[in-house]
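Below you'll find the structure, written out as structure tokens, and then a few comments.
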Amino acid sequence: LTYEEVSLYLSKTKRKRPLVLCGPEGVGCLELRQRLAESDNQKFGSAVPHTTRPKKSSELDGVHYHFVTKQKFQEDAKVGKFIEYGEFQKHLYGTSLASIQAVIDKAKICLLTLKVENLKALRRTLFMPYVVFIAPPSLQQLRRQKEILGQHGIKDEQLKLILNEGKVTEQNYGHLFDRIIVNVDLDRSLEELKEVVKSLETEPQWVPSFWPITTSNNISSKYDDS
């Protein structure tokens, strides 16, 4: 069991908590983040990622990506400026703490999709993230969902890998999740996420006591034995 002292918190300022979606690859996190962002671009924002790949003619630096040299990227990564980064097709991509802060400074909810192994690091920041784990549904429901998205021909073995990863992830990292949504249907899951956002703005939420919550926002405290 993991024990963590927690307190009830409700923000009385315009400062919005980032909303983090995580789950197995292929479960629908990216699709849900995109749909939620498009549902209200005045309320939601996405952190502009950094990359070392060349800028396309149609792209704007600081809007689509922050384009940097490989040396600059590696220097920033070394001193912990990225919450998550990796390599794709020989180019580096990363989400910086500064990019997240930029969204928060606009009084918007920063929407993030992160690998679960990076959640602990994010929770140690001042961002106070709200983490939603997107869990896979049954094998049959997952197959139907892929077909609706036009992803035909996916073998059961691939779908079973998603299901297994979901179970293992929930077992190992479940204590870091504020909410679990089983993604049976994308439209239904989107509505659940909107309800989560509404509750964050109107209802006190349990947060770790080590977070920098003020006395006026601190309503109560207890121990979480999840």
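On the basis of being aliphatic (A, V, I, L, M), under 27 Å from THR169 (Cα atoms) and in contact (Cβ under 8 Å) with a residue 24 or more places away in the chain, does ALA102 make the cut? Walk me through it before giving the result.
On the way: aliphatic (A, V, I, L, M): yes; under 27 Å from THR169 (Cα atoms): no; in contact (Cβ under 8 Å) with a residue 24 or more places away in the chain: yes.
Taking the combined requirement at face value, the residue does not satisfy it.
Can you find, within segment 181-212, the residue that is nearest to the chain's Cα centre (by Cα) among those that are over 15 Å from LEU119 (Cα atoms) and assigned to a strand (DSSP E or B)?
Narrowing segment 181-212 to residues over 15 Å from LEU119 (Cα atoms): 181-206, 209-210, 212.
In the following step, the residues that additionally are assigned to a strand (DSSP E or B) were identified as 181-182, 205-206.
Details: ILE181: 13, VAL182: 15, GLN205: 17, TRP206: 18 Å.
If we take residues in segment 181-212 being over 15 Å from LEU119 (Cα atoms) and assigned to a strand (DSSP E or B), then ILE181 is nearest to the chain's Cα centre (by Cα).
So LEU119 passes all but one of these: (1) among the hydrophobic types (A, V, I, L, M, F, W, C); (2) closer than 17 Å to GLY26 by Cα; (3) part of a helix (DSSP H, G or I). Which condition number does it fail?
(2)
Here are PHE73, PHE127, PHE133: which of them is assigned to a loop (DSSP other than H, G, I, E, B) and aromatic (Phe, Trp, Tyr)?
Values: PHE73 fails: assigned to a loop (DSSP other than H, G, I, E, B); PHE133 fails: assigned to a loop (DSSP other than H, G, I, E, B).
Exactly one of PHE73, PHE127, PHE133 is assigned to a loop (DSSP other than H, G, I, E, B) and aromatic (Phe, Trp, Tyr), namely PHE127.
When you go through ALA37, ALA98, ALA77 one by one, which is the residue that is surrounded by fewer than 18 Cβ atoms within 10 Å (Cβ to Cβ) and in the same structural domain as ILE181 (by the TED database)?
Details: ALA98 fails: in the same structural domain as ILE181 (by the TED database); ALA77 fails: in the same structural domain as ILE181 (by the TED database).
Selected residue: ALA37, the only one of ALA37, ALA98, ALA77 that is surrounded by fewer than 18 Cβ atoms within 10 Å (Cβ to Cβ) and in the same structural domain as ILE181 (by the TED database).
Name every residue in segment 93-130 that is farther than 20 Å from ASN41 by Cα and of a type in the set (Val, Ile, Thr), in order of residue number.
Within segment 93-130, VAL116, THR125 qualify.
How about segment 25-50: which of its residues are in contact with a strand residue (DSSP E or B) (Cβ under 8 Å, 6 or more places away or on another chain), in a loop (DSSP other than H, G, I, E, B) and not charged (D, E, K, R)? Give the steps one after another, and end with the answer.
Residues of segment 25-50 that are in contact with a strand residue (DSSP E or B) (Cβ under 8 Å, 6 or more places away or on another chain), as a first pass: 27-30, 32-33, 36-37, 43-50.
Filter again for in a loop (DSSP other than H, G, I, E, B), leaving 27-28, 43, 47-49.
VAL27, GLY28, ALA47, VAL48, PRO49, listed by residue number.
The values are calculated or read from the model by the stated rules, or taken from the named source; none is laboratory data. Computed from a predicted model, the values in this text were never measured in an experiment. Note that we place each Cβ from the backbone using ideal geometry, even for glycine, and neighbour counts take in every protein chain shown.
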